[in-house]
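K.L.:
The structure that follows is given in the form of structure tokens.
The values are calculated or read from the model by the stated rules, or taken from the named source; none is laboratory data. Computed from a predicted model, the values in this text were never measured in an experiment. Virtual Cβ from ideal backbone geometry, glycine too; neighbours counted across all protein chains shown. Areas reflect the complete protein model, heavy atoms only, side chains present, ligands, DNA and RNA absent. Shrake-Rupley method; radii C 1.70, N 1.55, O 1.52, S 1.80 Å.
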Amino acid sequence: METILSLYEQPYDESRPVICFDESSKELRKHVRDPLPASPGAVARTDHHYERNGSQMLHVATEPLTGQCRLHVTERRRTSEWIGCMQAIADDYPDA
């Protein structure tokens, strides 16, 4: 961990950018009932019931030294989607 953290302390080098990549699955939910708005003396209320509305994969590439972030959203988690994300990152840095 210390080796990785030391990368963030180095000065920015365009020929060797530091890129962090992570992926996560998120479930999409749809409210079954409309929330009740806030009124004097009461807070807004939402129902805990929901309909499942599929899921999406989030592929996030961040460059911590410049603050840039790239997000790719795909429907499934397959090797071909991961390769597509890596190719897009490599295309963004042709000189690296």
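K.L.:
Name the single residue, out of those in region 56-80 being over 11 Å from the mean Cα position of the chain (by Cα) and over 21 Å from L28 (Cβ atoms), that is least open to solvent (accessible area, probe 1.4 Å).
P.N.:
Among them, the one singled out is E63.
K.L.:
Here's another thing I want to ask about it. Could you list, in sequence order, all residues of region 1-39 that are surrounded by 10 or more Cβ atoms within 10 Å (Cβ to Cβ) and among the aliphatic types (A, V, I, L, M)?
P.N.:
Matches in region 1-39: L7, V18, I19, L28, V32, L36, A38.
K.L.:
Any residue in region 56-77 that's hydroxyl-bearing (S, T, Y): show its pairings with residues that are modelled with pLDDT under 90 and open to solvent by 80 Å² or more (accessible area, probe 1.4 Å) at Cβ separation under 8 Å, as long as the two are six or more apart or on different chains.
P.N.:
From region 56-77, the pairs are T66/Y12.
K.L.:
Let me ask you something else. I'd like the residue in region 23-35 that is assigned to a strand (DSSP E or B) and of a type outside the set (S, T, Y) and, out of all such residues, is farthest from W82 (Cα to Cα).
P.N.:
Out of the qualifying residues, it is H31.
K.L.:
For residues that are in a loop (DSSP other than H, G, I, E, B) and open to solvent by less than 60 Å² (accessible area, probe 1.4 Å), tally how many sit in region 40-55.
P.N.:
1
K.L.:
Can you list residue pairs whose Cβ atoms sit under 6 Å apart, with the first residue in region 1-22 being assigned to a helix (DSSP H, G or I) and the second being surrounded by 10 or more Cβ atoms within 10 Å (Cβ to Cβ)? Count only pairs 6 or more apart in sequence or on different chains.
P.N.:
Within 6 Å, the pairs are L7/V18; Y8/P64.
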